[in-house]
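Report on one structure; see the data block that follows.
The values are calculated or read from the model by the stated rules, or taken from the named source; none is laboratory data. This is a predicted model, so every value here is computed, not measured. Using ideal geometry, Cβ is built from the backbone for each residue, glycine included, and neighbour counts are taken over all protein chains shown. Side chains are part of the model used for accessible areas, which takes the heavy atoms of the whole protein and leaves out ligands, DNA and RNA. Shrake-Rupley method; radii C 1.70, N 1.55, O 1.52, S 1.80 Å.
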Amino acid sequence: MREINLLGTVRVESSDTDLPRFRSQRAMALLGYLAIEGRPITRNQLAALFWPDDAPESGKKKLRRELYNLAQILPDCWETDRLKVHFVPSMETTIDLDTIQQFEQEGNWEAAADLLRGDFLEGLALEDNFEFETWLLGERERWRQRTASILTYAADELEGQGSYRRALLYAQRLLRVMPWREEAHRHMMRLLALSDQRSAALKQFAICEQVLWDELGVEPSAETLALYERIKRSPHYSRDNIPATATPLIGREGELEALSAQLADPD
């Protein structure tokens with residue numbers, strides 16, 4: 001079995017043998033591009049995209065070298081001819097992007113989140129290649145948004161199960177990806193309060209306030225301020241912000257009626 005990881009540092013892992021190394025950043029970029037596109041691409045298109053300053057024949061010659069390297073690393077994953085190149089993973093080959101999509105469809109958010117190891121093709125850059133860099137920036141942003149969604153679902157699911165400290169791990173990861181995301185700060189504040197870390201929750205508000213000002217030049221929203229005030233006023237925060245009853249209300253019908261009337265009063 002072989003595993004291709006395109007999130008974080010690009011690598012191919014195999015349990016059987018030592019694999020050849022990528023000969024260049026272009027080889028890694030080419031693999032990422034063909035894996036995302038998932039369709040046959042003409043050699044002319046690939047040569048023009050990856051070697052825009054070369055003459056067509058020179059670009060295609062360089063393309064052949066990179067494809068030869070990729071064929072050594074992934075020998076049974078290619079459908080090629082004189083005109084086109086198609087990356088088709090074999091039954092023994094998995095790609096982290098495809099596995100994440102499968103976990104998303106199953107609603108297995110923790111498993112999907114655990115495969116989010118970084119940016120798409122992290123650290124990779126092809127200098128003086130505007131068209132490829134534009135494509136790469138778009139894909140990275142798309143995967144950042146998808147990462148944020150998966151981490152949010154994972155944290156929400158764990159919070160619903162009462163696993164606040166485990167939920168915090170995913171909320172913290174989300175803030176590392178998007179530190180300017182205000183709702184992520186609110187989620188952190190709530191989870192810290194729910195896990196009896198009230199001081200840390202209040203400190204998180206200060207962090208949120210500073211980040212929003214530094215990154216976006218805005219103040220926290222009314223919703224974030226309201227959450228801060230609730231946590232500040234409540235020594236023991238609960239999901240619905242109503243402390244658990246210490247003793248049962250037996251023989252307190254009058255008090256219950258008065259309380260019900262007050263809760264029903266819009267004023």
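Report whether or not G123 is touching a Leu at 6+ places or on another chain (Cβ under 6 Å), surrounded by fewer than 18 Cβ atoms within 10 Å (Cβ to Cβ) and touching a residue at least 40 places away in the same chain (Cβ under 8 Å). Spell out the reasoning first.
Working: touching a Leu at 6+ places or on another chain (Cβ under 6 Å): no; surrounded by fewer than 18 Cβ atoms within 10 Å (Cβ to Cβ): yes; touching a residue at least 40 places away in the same chain (Cβ under 8 Å): yes.
Answer is no for this residue.
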How many residues are under 19 Å from D98 (Cβ atoms), touching a Phe, Trp or Tyr at 6+ places or on another chain (Cβ under 9 Å) and open to solvent by 30 Å² or more (accessible area, probe 1.4 Å) when one looks only at the range 141-163?
-> 3
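May I ask you to say which residue of E219, E209, E223, E215 is closer than 20 Å to A171 by Cα, modelled with pLDDT of 95 or more and open to solvent by 100 Å² or more (accessible area, probe 1.4 Å)? Spell out the reasoning first.
Details: E219 fails: closer than 20 Å to A171 by Cα; E209 fails: open to solvent by 100 Å² or more (accessible area, probe 1.4 Å); E215 fails: modelled with pLDDT of 95 or more.
It is E223.
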Taking only the range 47-65 into account, find how many residues are out of contact with any Phe, Trp or Tyr (no Cβ under 8 Å at 6 or more places or on another chain) and either buried (at least 19 other Cβ atoms within 10 Å of the Cβ) or under 29 Å from D16 (Cβ atoms) (or both).
-> 4
Listed residues R166, R198; which is open to solvent by 20 Å² or more (accessible area, probe 1.4 Å) and within 20 Å of the chain's Cα centre (by Cα)?
-> R166
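Can you tell me how many residues within the range 126-140 are open to solvent by less than 100 Å² (accessible area, probe 1.4 Å) and either under 15 Å from S24 (Cβ atoms) or in contact with a Gly (Cβ under 7 Å, 6 or more places away or on another chain) (or both)? Working first, answer last.
Our first condition is that a residue be open to solvent by less than 100 Å² (accessible area, probe 1.4 Å); within the range 126-140, this holds for 126, 129, 132-136, 138-140.
Going one step further and asking which of them are either under 15 Å from S24 (Cβ atoms) or in contact with a Gly (Cβ under 7 Å, 6 or more places away or on another chain) (or both), we end up with 126, 129, 132.
Of the residues in that region, 3 qualify.
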